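Q: Have a look at the structure that comes next, please.
None of the figures in this text is laboratory data; all of them are computed from the coordinates on show. Because the structure is predicted, anything quoted here is derived from the model rather than measured. Methodologically, a virtual Cβ is constructed for each residue, glycine included, from the backbone with ideal geometry; neighbour enumeration extends over all protein chains shown.
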Amino acid sequence: MGSVVLDNLIKDFGETRVLKNINLDIKEGEFFALLGPSGCGKTTTMRCVAGFESPTEGIIKIGDKKVNKVDPHRRNCGMVFQSYALFPHMNVFDNVAYSLNVKELKKSGILKKVGIYTRMLNSKLVKYNDEMKKKVYDILEYVELTEHAHKLTSELSGGQQQRVALARSLVMEPDVLLMDEPLSNLDQKLRHTMRNTIRRIQQDLNITTIFVTHDQEEAMSMADRVAVMQAGEIVQVGTPTDLYSNPNSPYIADFVGTSNIIPGEVVHKGDSYSVIQFGEQKIESKKKPEKDSVQIIIRPENINILKENTPNLKNVFDGVVEVATYLGNTVRYEVKVENQILIVDQNYEAGEGILEEGSKVRLSISSERVLLL
Ligand SMILES: Nc1ncnc2c1ncn2[C@@H]1O[C@H](COP(=O)(O)OP(=O)(O)OP(=O)(O)O)[C@@H](O)[C@H]1O
Ligand SMILES: [Mg+2]
C-alpha cells in the first residue's frame, strides 16, 4: 500500500536540471529521511511525490500504482510543511477537521460553486457529524492537544502548532506522510521532544514517512534509512550506522557526523593492511585503497589520547593540544600533528582534568578505524 518508488526521476525548471536521475525504493512503514544542504532538491523531490510538481522524466509509484498522472488529493499523501500552514482564524479543532470537511464538500459538489471562498466558509457549511467529531478528538488526544481544541492556533506555542499540523495530516489516514523540515521553526529543546513524538506516532501507526531535513543529527536519530542528496543527486542511501561507519565519499564522511579528512599517498598495499603517508607521518589501515592518492578518514572518537608510559603501539602520533572544548560528557581537542589539525573526542568523567592548551600528547588510532576513500 504505502511503499514509494522513484524511478529515474528528473525535474527541470526551465534550463536548470534540479533533480538528476533520482532512484529511491522506500518500503511500506519505513521512516525515510532525505538529507542534504539547502537547494539540493529535497523539497522538489517531496513535491513530486505529493503531486504538486510533475517530473520532467521518470516514474513515481505509490504502492503498486504509477501516480504520475494522479491528482495530488487522490494520492493519499499527508503533508506537513515547515511553516505548518495553519489557519490562524480557526481553532485547533476546526484546523484538524478542515481536511475532513473539504472531503465532505467535494462529495456534495458544493466546492465548485463557492470556489476560493470555501476556505473561509467551509467550517460554516458542513455540520460535523459524530463520526467526524470522534475522529478529530481521537487524533487530538493522540497528539496531546485535547485541552487546546477550542483555542485559536495563533494562541499556541510552536510545538503545539506543530502538533496541530501533524494531526491535520494524520486525520486523513494517509498512506504516506511527507514532512518537509517540520521541526526547523522550533527551539532546540522542543526539537528533541518533537523528534520523539513524531517517531513514536510513526511507529505506532506504521505509516510510511518521508522526512526532509538538512540537519544530519535529526535524520540520523529518527530515520530507519537516510538518503543523502547533493546538487540534485542521491549520493548514498543507507541506515544511519551504515552511513556513519561506511561513508562512500569524503562528502558523506563530513556531512554525516564530524570526520578528520587527510589527503595521503599509499606507500604500501598489502593483503591485510596498507600504509599511507601524510607529511612525514605514516599510518596503517586495514582497508584496501583503490587509488594511490587517497583521503584518510578518521572519526574523532576513534582517536585515543595515550596515558604516559603506555607501550608503543602502531599508529602513534605526537601532537600538541591547540584547543580544548568541554562539551558535557566529552571533551573535544584540536591536536596539531605536524601541520595537520586532528579533532579528537574523549569521554569525560566528572572530576577528571582537561588537558591544557599547549600540552604535548600522544595519539593512537586503531588501523581498523582508518578509512580510505
Ligand atoms: N518553481 C521553481 N522554479 C524554478 N526553480 C526552482 C523552483 N523550485 C525550486 N527551484 C530550484 O530548485 C533547486 C532545488 O530546490 P528545493 O526547494 O528542492 O531545495 P531544498 O533541498 O528543499 O532546499 P532547502 O533546504 O533550502 O529547502 C533550487 O536551486 C531552487 O532554486
Ligand atoms: Mg526545502
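Q: What ranking, highest mean first, results for peptides 351-358, 212-219, 79-86, 183-190 when packing means the other Cβ atoms within 10 Å averaged over each residue?
A: 212-219, 79-86, 183-190, 351-358
Q: Going by how many other beta carbons lie within 10 Å of each one, how would you line up His73, His148, His268, fewest first? Please list the in-between numbers first.
A: Numbers: His73 14, His148 19, His268 11.
The fewest-first ordering by Cβ neighbours comes to His268, His73, His148.
Q: Here is a further query. Please compare each pair in Lys27/Lys66; Lys336/Lys360; Lys269/Lys307; Lys11/Lys69; Lys307/Lys336; Lys286/Lys307 to a cut-off of 20 Å on the Cα-Cα distance and tell me which ones are over it. Please list the in-between numbers first.
A: Working: Lys27/Lys66 15 Å; Lys336/Lys360 10 Å; Lys269/Lys307 31 Å; Lys11/Lys69 15 Å; Lys307/Lys336 18 Å; Lys286/Lys307 25 Å.
Beyond 20 Å: Lys269/Lys307; Lys286/Lys307.
Q: Give me the mean projected area, in nm² to one decimal, of the convex hull enclosing the Cα positions of the stretch 274-373. List each step's numbers first, then the result.
A: Details: hull surface 26.6 nm².
So the mean shadow area of the Cα hull is 6.6 nm².
Q: Then there is this: What ³J(HN,Hα) values, in whole Hz, does the Karplus curve 6.51 cos²θ - 1.76 cosθ + 1.60 give for the stretch 17-33 when θ = phi - 60°, with x put for Gly and Pro?
A: 8, 8, 10, 10, 6, 7, 10, 9, 10, 9, 7, 4, x, 7, 9, 10, 9
Q: Right, something else. In Å, what is the Rg of the alpha-carbon atoms in the chain, and how long is Dmax?
A: Cα-based Rg and Dmax for the chain come out at 25.8, 85 Å.
Q: For a quick size check, give me the Cα extents of the stretch 1-83 along its three principal axes, largest first, whole Å.
A: Taking the Cα atoms of the stretch 1-83, the three principal extents are 35, 26, 23 Å.
Q: In the stretch 239-283, how does Rg compare with the Kirkwood Rh, expressed as the Rg/Rh ratio over alpha carbon atoms?
A: Values: Rg = 12.8 Å, Rh = 12.1 Å.
Rg/Rh for the stretch 239-283 comes to 1.06.
Q: Moving on to the next point. Under the Kirkwood approximation applied to all pairs of distinct alpha-carbon atoms, what is the hydrodynamic radius of the stretch 152-310 in Å?
A: On the way: mean 1/r = 0.0528 Å⁻¹.
Result for the stretch 152-310 stands at 18.9 Å.
Q: Measuring from label point to label point, each 7 Å out along Cα→Cβ, what is the Asp12 to Ser54 span in nm?
A: Output for this residue pair reads 1.6 nm.
Q: Would you report the distance distribution of C-alpha pairs in the stretch 205-289 as whole percents per 5 angstrom bin, up to the bin with the largest distance?
A: 3, 12, 20, 18, 15, 11, 11, 6, 3, 2, 1, 0
Q: Given the convex hull of the Cα atoms of the stretch 131-211, what is a quarter of its surface area in nm²?
A: Details: hull surface 21.4 nm².
If you wrap the Cα atoms of the stretch 131-211 in a convex hull and average its projections, you get 5.3 nm².
Q: May I ask you to order 294-300, 162-168 by the average number of other C-beta atoms within 10 Å around their residues, highest value first? All intermediate terms of the calculation are to be shown ahead of the outcome.
A: Details: 294-300: 21.6, 162-168: 25.1.
Most protected by this proxy first, the peptides run 162-168, 294-300.
Q: If you don't mind, there's one more thing I want to ask. For the pair Ser157 and Leu313, how long in nm is the line joining their label points, each one 7 Å along Cα→Cβ?
A: The modelled label-to-label distance comes out at 4.5 nm.
Q: Next question. Between Asn248 and Glu147, what is the FRET efficiency for a Förster distance of 56 Å, r being their Cβ-Cβ separation, to the nearest 0.05? It would help to have the intermediate numbers written out before the result.
A: On the way: r = 49 Å, r/R0 = 0.87.
Here the calculated transfer efficiency is 0.70.
Q: I've got another one for you. Along the charge dipole of the stretch 254-373, pointing to its positive end and built from +1/-1 on Cβ of Lys, Arg, Asp and Glu, which listed residue (Val316, Asn347, Ser274) has its Cα farthest out?
A: Among Val316, Asn347, Ser274, the one farthest towards the positive end of the dipole of the stretch 254-373 is Ser274.
Q: OK, next. Relative contact order for the chain: what percent, with Cα pairs under 8 Å and sequence separation of 6 or more? Mind showing how you got there, number by number?
A: Numbers: 732 pairs, mean separation 60.8, N = 373.
Relative contact order, the chain: 16 percent.
Q: Right, here's the next one. Of the peptides 92-99, 333-340, how do they stack up when ordered by the mean number of other Cβ atoms within 10 Å, highest first? Don't jump to the answer; show the numbers that get you there.
A: On the way: 92-99: 23.2, 333-340: 17.5.
Packing order, densest peptide first, comes out as 92-99, 333-340.
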